[in-house]
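Each remark here refers to the structure printed beneath this line.
The values are calculated or read from the model by the stated rules, or taken from the named source; none is laboratory data. Everything numeric in this text was worked out from a predicted model, so none of it was measured. Positions of Cβ are backbone-derived with ideal geometry, glycine not excepted, and every protein chain shown enters the neighbour counts. These area figures cover heavy atoms from the full protein model, side chains too; ligands, DNA and RNA do not enter into them. Shrake-Rupley method; radii C 1.70, N 1.55, O 1.52, S 1.80 Å.
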Amino acid sequence: MAHIVLHKNHLYHNLGLLSKKAGGIEKIFAVLKDNAYGHGLELIAKEINKAGAIRVIVRDLEEALKIQHYFKEILVLSEKPQNFKPISKIIFAINSIEALKNVPKNTTIALKVDTGMHRNGIKIDDIYSACKIIKEKLLDFHSIFTHFRSADELGSEYFWQKRNFQEVKLIYNNIKNTYLMRDVFFHSSNSAALLRCNEIEDDFARVGIAMYGYNTLPKGFHKEILKPVMELFGEKMSQRVLHVNQKIGYGGAYTAKKDMIVSFYDIGYGDGVLRFNGTGQLKTTNGCLILGKTSMDGMSIESCADKISIFNDLTSWSQYFNTIPYEFLVNLSSKIKREFV
Ligand SMILES: *Cc1c(COP(=O)(O)O)cnc(C)c1O
């Protein structure tokens, strides 16, 4: 059966490097949203718990409840709490004043402030009214955070947003006393922001893609070596000789230039692997050509191996598909069996 191998030593390598940059593993908010970027939520949760991680980020409450017993704090990014009996370690990200007004009393919240991405979060000027609501509703105020739109690009935009976030901190620390608010945590850096700096100025960094082994900074930055955690394998279903001038697969998109041994492996776009349409060249980990169009449940490859590593690093694959490793990873079906080695 097609399956995913998760390389434990790579995960530890990445976590070690990132923890060192952040100033300790307790300063890392490990991002496990969307099935841990396709790696398997519970598997990754269990392993990073062993490594000492205490804070994680998930997409919704369903994900949070599955892994809550491993961690001290779980931040839910994209779900509005409704009919929810507050659990203090489950923190809800609040993205607007409207949402803040609707949060059940006593809920633990992290307030998102828009410092320039203009996607989500309250305006900087609305911090005052937010504080009033938080106070009135007896909310458990965990943190204030923001998100960078250009941390992985050369240029000054990252610094502009960072300065805006410094202003947010100043504003909060000034009004804190007036409103009798407590001290809260601050966090802003994603993987790229952490990787481009040598330390963080906040309490935590929220680290996703780098933990899974991808350094998304472009050329021009000093790039730390990270190691991709995921490797995808296919199993041989059948083998044949493709004779010269014979075509293979749907539409006969590949024509043999010589007699060659080819096999059909049990992994296709039905498993969430982006569909190769036969144009150009796409190769497996060991350089074997993928032949013709990918089918729903399989693909033909120039190989006779019983088991084949499809990829162990998505850098060239995501370039081929004109996308980013994130998209490739989260598309992989949760039905594929995953295990650590
Ligand atoms: C997904 C996400 C992250 C992690 O981003 P990476 O680039 O994968 O490190 C951090 N913060 C927020 C708000 C996110 O949505």
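Annotations
- With respect to (1) surrounded by 20 or more Cβ atoms within 10 Å (Cβ to Cβ); (2) under 22 Å from Ile336 (Cβ atoms); (3) of a type outside the set (A, V, I, L, M), the lone exception for Gly270 is condition (1).
- Residue match in region 137-158 (condition: assigned to a helix (DSSP H, G or I) and open to solvent by 90 Å² or more (accessible area, probe 1.4 Å)): no
- Pair list, Cβ under 8 Å, 6 or more apart: region 138-153 residue on the phi > 0 side of the Ramachandran plot, other residue in a loop (DSSP other than H, G, I, E, B): Leu138/Lys105; Leu138/Asn106
- Check on Leu43, hydrophobic (A, V, I, L, M, F, W, C) and crowded, with 21+ Cβ neighbours inside 10 Å: no
- Selected residue (criterion: most open to solvent (accessible area, probe 1.4 Å)) from residues of region 61-103 that are within 13 Å of the ligand (Cβ to nearest atom) and more than 26 Å from Leu43 (Cα to Cα): Asn95
- Of note, Ser309 does not satisfy the criterion of being closer than 18 Å to Asn277 by Cβ and either assigned to a helix (DSSP H, G or I) or more than 16 Å from the ligand (Cβ to nearest atom) (or both).
- Residue match in region 220-232 (condition: farther than 26 Å from Ser19 by Cβ, assigned to a strand (DSSP E or B) and open to solvent by 70 Å² or more (accessible area, probe 1.4 Å)): no
- Scanning region 273-284 for residues that are within 26 Å of the chain's Cα centre (by Cα) and either open to solvent by 50 Å² or more (accessible area, probe 1.4 Å) or modelled with pLDDT under 95 (or both) yields a count of 2.
- Verdict on Ser238 being exposed (fewer than 14 other Cβ atoms within 10 Å of the Cβ) and of a type in the set (Gly, Ala, Ser): yes
- Leu180 being within 16 Å of the ligand (Cβ to nearest atom) and not aromatic (Phe, Trp, Tyr): no
- The criterion of being among the basic types (Lys, Arg), surrounded by fewer than 20 Cβ atoms within 10 Å (Cβ to Cβ), over 17 Å from Phe185 (Cα atoms) and free of Cβ contacts under 8 Å to residues at least 12 places away in the same chain holds for Lys123.
- Among residues that are surrounded by fewer than 19 Cβ atoms within 10 Å (Cβ to Cβ), in contact with a helix residue (DSSP H, G or I) (Cβ under 9 Å, 6 or more places away or on another chain) and over 22 Å from Arg55 (Cα atoms), Lys162 is not included.
- Lone unmet requirement of (1) part of a helix (DSSP H, G or I); (2) within 16 Å of the chain's Cα centre (by Cα); (3) closer than 28 Å to Ala99 by Cα for Ile175: (2)
- Selection status of His118, open to solvent by 10 Å² or more (accessible area, probe 1.4 Å) and in a helix (DSSP H, G or I): no
- Meets criteria (farther than 30 Å from Leu154 by Cβ and either surrounded by fewer than 17 Cβ atoms within 10 Å (Cβ to Cβ) or within 16 Å of the ligand (Cβ to nearest atom) (or both)) for Ala210: no
- Val58 over 30 Å from Gly270 (Cβ atoms), under 18 Å from the mean Cα position of the chain (by Cα), without any contact (Cβ under 8 Å) to a residue 40 or more places away in the chain and within 14 Å of the ligand (Cβ to nearest atom): no
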